[in-house]
1. Would you pick out the residues in the stretch 356-374 that are of a type outside the set (Asp, Glu), in a helix (DSSP H, G or I) and either touching a Ser or Thr at 6+ places or on another chain (Cβ under 8 Å) or crowded, with 20+ Cβ neighbours inside 10 Å (or both)?
2. Check whether at least one residue in the stretch 331-341 is small (Gly, Ala, Ser) and not in a helix (DSSP H, G or I), and report yes or no.
3. Looking at the stretch 124-152, which of its residues are assigned to a helix (DSSP H, G or I) and of a type outside the set (A, V, I, L, M, F, W, C)?
4. Since residue 177 meets every condition but one in (1) part of a helix (DSSP H, G or I); (2) touching a residue at least 60 places away in the same chain (Cβ under 8 Å); (3) out of contact with any helix residue (DSSP H, G or I) (no Cβ under 6 Å at 6 or more places or on another chain); (4) over 30 Å from residue 266 (Cβ atoms), which condition does it not meet?
5. How many residues are under 23 Å from the mean Cα position of the chain (by Cα) and either more than 18 Å from residue 201 (Cβ to Cβ) or among the β-branched types (Val, Ile, Thr) (or both) if we restrict to the stretch 256-274?
6. Return the only residue of 369, 332, 339, 345 being of a type in the set (Gly, Ala, Ser) and either farther than 25 Å from residue 122 by Cα or in contact (Cβ under 8 Å) with a residue 40 or more places away in the chain (or both).
7. Which condition breaks for residue 106 when tested against (1) within 15 Å of the chain's Cα centre (by Cα); (2) at pLDDT 95 or above; (3) buried (at least 23 other Cβ atoms within 10 Å of the Cβ)?
8. Is it the case that residue 266 is loosely packed, with under 13 Cβ neighbours inside 10 Å, under 24 Å from residue 74 (Cα atoms) and among the small types (Gly, Ala, Ser)?
Amino acid sequence: MHDLAAYACDPALTRGRRYAEPPAPTRTEYQRDRDRIVHSTAFRRLVYKTQVFLNHEGDLFRTRLTHSLEVAQLGRSIARSLRINEDLVEAISLAHDLGHTPFGHAGQDALHTCMADHGGFEHNLQSLRVVDQLEERYPQYDGLNLTFETREGILKHCSRLHAQQLEADEPDGVGARFLRREQPSLEAQLCNLADEIAYNAHDIDDGVRSGLITLTQLQDVPLFDQYRAAVQKEYPGLVERRVLYEAIRRMLSAQVYDVIGATQVSLAEHAPANVQAVRQAPPLVMFGDVMRARSLELKRFLFQNLYRHPRVMDTTRRAQEVVRDLFAAYTASPHEMKAAFAEQASLDHGPRRARAVADFIAGMTDRFAAREHERLTGRRLFD
């Protein structure tokens, strides 16, 4: 690995794991985290959990797995230039969506509504719950027993109430920064931005290839269209598919270089001497002002033209119906779930049952959720 800057997370100085373990002979603590994540059951399930398009709609659309890999690639590229810890960035990137429900944000919104009387549902908290409790791979403990720094990066959003609950369970733990209004590590900040860069780019790709948005419509988005126009000028007659790929490639490169440049200026201004100084500074990993404005324009375009497209909205409606029906069915008849979840649900008829049902549903792939819904209701909502 390249030489780390003083403000980077050093695996030799990690705040450790919830359960102490001897060090690995050939791997750093963050490399070990990454390997545990890659070998987890929840990570494998991401291949059948989708972003905008559901798994049955096409084999070439992005899934949560391919998205996580793209976030990790972008994150590592930027981390190397900033001299922060690539392995930690990779671990956080690969784990950040482990708690996502089937059917993307549609599933999360439906499950949050179902859990309204029991603390709600939020996929970042669920990702932490997966790595801390729900994975069952080791004899000594539940979860993956990841380092503090990886767990902190996974939990990028948290309400004050949930932070207080986390703090009660783990004093001075991953919830503390939300109560202190501190920032996470630079590596965690970078993963947040790499996530945004990746999903905006691949939603353009998937949206155009699906036919829901067109290159003509994207002329209203300066961040993308400047590169589309340049590609077509350099390569007259190039087929649309290659124009799309090359324009996205150039857009991604421009965003990566912008983050590196803007963050280097920010780091020079604030000059954090160590990781603790990073936590007490304002956010330091960022776009420049112009790129931030153009990125927001792109997000608005995608919201209006892709995420609110009638076909996507119809899929969203059916996906949410599946999740609501599953929640009602399992709450009424916990024995319909797998044994471990049924056992948890049998402990009471209130919050613990609801959380066990939410855990079971959140762990499903799109196709399993659709099959379970058909089994329990007799109705097929997805072909």
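The values are calculated or read from the model by the stated rules, or taken from the named source; none is laboratory data. Everything numeric here is computed off the predicted structure, so don't read it as measured data. Counting neighbours? That spans all protein chains shown, and the Cβs are built from the backbone with ideal geometry, glycine included.
1. 356, 357, 358, 360, 361, 362, 369, 370, 373
2. yes
3. Residues satisfying the conditions are 124, 126, 127, 129, 132, 133, 149, 150, 151, 152.
4. Residue 177 satisfies all of (1) part of a helix (DSSP H, G or I); (2) touching a residue at least 60 places away in the same chain (Cβ under 8 Å); (3) out of contact with any helix residue (DSSP H, G or I) (no Cβ under 6 Å at 6 or more places or on another chain); (4) over 30 Å from residue 266 (Cβ atoms) except (4).
5. Keep residues of the stretch 256-274 that are under 23 Å from the mean Cα position of the chain (by Cα), which gives 256-260, 263.
Filter once more, so that each one left must be either more than 18 Å from residue 201 (Cβ to Cβ) or among the β-branched types (Val, Ile, Thr) (or both): 256, 259-260, 263.
The qualifying residues number 4.
6. Numbers: 332 fails: either farther than 25 Å from residue 122 by Cα or in contact (Cβ under 8 Å) with a residue 40 or more places away in the chain (or both); 339 fails: either farther than 25 Å from residue 122 by Cα or in contact (Cβ under 8 Å) with a residue 40 or more places away in the chain (or both); 345 fails: either farther than 25 Å from residue 122 by Cα or in contact (Cβ under 8 Å) with a residue 40 or more places away in the chain (or both).
None of the others qualify; the one that does is 369.
7. Result: residue 106 passes all but (2).
8. Spelling it out, it is not the case that residue 266 is loosely packed, with under 13 Cβ neighbours inside 10 Å, under 24 Å from residue 74 (Cα atoms) and among the small types (Gly, Ala, Ser).
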